[in-house]
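Undergrad: Dropping the structure in here first, questions after.
The values are calculated or read from the model by the stated rules, or taken from the named source; none is laboratory data. Everything numeric in this text was worked out from a predicted model, so none of it was measured. Note that we place each Cβ from the backbone using ideal geometry, even for glycine, and neighbour counts take in every protein chain shown.
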Amino acid sequence: MSINAAVMPAPGKPMEVWDVADPDLEAGSILLETVASEVCGTDVHLHHGRLEGVPYPIIPGHVSVGRVLEARGVETDALDNSLRPGDLVTFYDVHEVCNACWYCTVTQQPNRCPSRRVYGITYSAHDGPLGGWSERIYLKPGVRVLRLPEELSPDDVIGGGCGLFTGFAAVERSTLAMGDTVVVQGAGPVGLSAAAFAGLRGAGTVIVIGAPAGRLELARALGAEHVLGLDATAPRERAGAVQELTDGRGADVVIEAAGNPDALPEGFDLLRDGGIYVIAGHYTDTGAAAINPHSDINRKHADVRGHWGTAFQHMVRALRMLVKYRDRLQFNRLIGRRYSLEQTGQALADVEALNVTKAIIQPRGSASPG
């Protein structure tokens, strides 16, 4: 029996649909029927070849929701909730960290483990259905699975997708204090999630910079008090607006979620002296930025924090918050269009062109007309 899967054969090459062999399940493994998988900005960058070490051809899709078809000797999820065929789950896409190297054991930073593998990114399509853009997903033994809480639908989770967890983690990395003024650069899923969670963490004012206008409307719906359109304002105007809102000081915290190198010089300009700048939008290499270490960092006494990937605890706590604040965190509203496996090339193009905020791949579901 074979599985249909959308395959990215190489950077710049058109997407293809392959027949992939149904895997032989090992003890401790799980087979999912894919309900929905997201198209992340990282997938666009993968299509442009902007991440080293990717073993093309790959089956993309690193954050997905699936239904358990079969589990070999697995009776509970990673939090000891019962797990049965038919249950809706999501899973932590990072896998195979060694738990023995210096990064895993000494610094407690498994996201830097040399053995780290990621579903939809660092597994080849020849290895099997190890990405979400496939009718079924094979979860290797040890993959951390989370049964969806009854309060959440697949759209609640996949509407935020990777951005839901990355935005949550970026806010945590910022250690923002209650009452802080926070500027979020970028109104994609990561930026929108960061804005929402910054508000829930107690930010006094949340300002979102981004485009197009529809995304800024979503930012307001998710809790941002002020929005500044990239296509309607110049950097000097945006800096002036932030200065006015902060009595001339600048933002206490700036979270970069734009994935554009040009955002960094502006981010430093928006930051107050002694403020915290979290750079979360550059998971892949999108180019260099012109930074003056004297005026942007040292003289400003800036606290600059890189953020690459997320940890399992971010998934757990973000989903917990999503259950508690579901009426406020309506990430299902981010979904702009649903695509079949045959439409994944169009999905990548639409995400890159900002035609949709969140594109969803539904291998067996109903794709949106287009």
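Undergrad: Looking for whichever is under 27 Å from residue 2 (Cβ atoms) and either free of Cβ contacts under 8 Å to residues at least 24 places away in the same chain or crowded, with 17+ Cβ neighbours inside 10 Å (or both) here; the options are 63, 94. Which one fits?
TA: 63
Undergrad: Scan region 152-164 and give yes if some residue there is among the acidic types (Asp, Glu) and in contact with a Leu (Cβ under 9 Å, 6 or more places away or on another chain), otherwise no. I'd like the intermediate steps shown before the answer.
TA: In the first step, residues of region 152-164 are kept if they are among the acidic types (Asp, Glu); the result is 155-156.
Going one step further and asking which of them are in contact with a Leu (Cβ under 9 Å, 6 or more places away or on another chain), we end up with 156.
The answer is yes, given that some residue of region 152-164 is among the acidic types (Asp, Glu) and in contact with a Leu (Cβ under 9 Å, 6 or more places away or on another chain).
Undergrad: All but one of (1) closer than 23 Å to residue 350 by Cα; (2) surrounded by 24 or more Cβ atoms within 10 Å (Cβ to Cβ) hold for residue 212; state the number of the condition that does not hold.
TA: The failed condition is (2).
Undergrad: Which residues, taken from region 4-30, are assigned to a strand (DSSP E or B) and under 26 Å from residue 48 (Cα atoms)?
TA: 4, 5, 6, 7, 8, 16, 17, 18, 19, 20
Undergrad: A further question on this structure: Looking at 79, 130 in this structure, which one is in the same structural domain as residue 332 (by TED's automatic domain parsing), modelled with pLDDT of 95 or more and buried (at least 18 other Cβ atoms within 10 Å of the Cβ)?
TA: Details: 79 fails: buried (at least 18 other Cβ atoms within 10 Å of the Cβ).
Unique residue meeting the criteria: 130.
Undergrad: Can you pull out every residue in region 323-340 that is hydrophobic (A, V, I, L, M, F, W, C) and part of a loop (DSSP other than H, G, I, E, B)?
TA: Within region 323-340, just 329 meets the criteria.
Undergrad: When you look at residue 68, is it among the aliphatic types (A, V, I, L, M), closer than 23 Å to residue 164 by Cβ, in contact with a helix residue (DSSP H, G or I) (Cβ under 6 Å, 6 or more places away or on another chain) and without any contact (Cβ under 8 Å) to a residue 60 or more places away in the chain, yes or no? Quick ask: steps written out before the conclusion?
TA: Details: among the aliphatic types (A, V, I, L, M): yes; closer than 23 Å to residue 164 by Cβ: yes; in contact with a helix residue (DSSP H, G or I) (Cβ under 6 Å, 6 or more places away or on another chain): no; without any contact (Cβ under 8 Å) to a residue 60 or more places away in the chain: yes.
Taking the combined requirement at face value, the residue does not satisfy it.
Undergrad: Could I ask something else about it? If residue 196 passes every condition in (1) crowded, with 24+ Cβ neighbours inside 10 Å; (2) in contact with a Ser or Thr (Cβ under 9 Å, 6 or more places away or on another chain); (3) not aromatic (Phe, Trp, Tyr) but one, which one does it miss?
TA: (2)
Undergrad: Would it be correct to say that residue 267 is among the small types (Gly, Ala, Ser), surrounded by fewer than 21 Cβ atoms within 10 Å (Cβ to Cβ) and over 14 Å from the mean Cα position of the chain (by Cα)? Explain how you work it out, then say what you get.
TA: Working: among the small types (Gly, Ala, Ser): yes; surrounded by fewer than 21 Cβ atoms within 10 Å (Cβ to Cβ): no; over 14 Å from the mean Cα position of the chain (by Cα): yes.
No: the conditions fail for residue 267.
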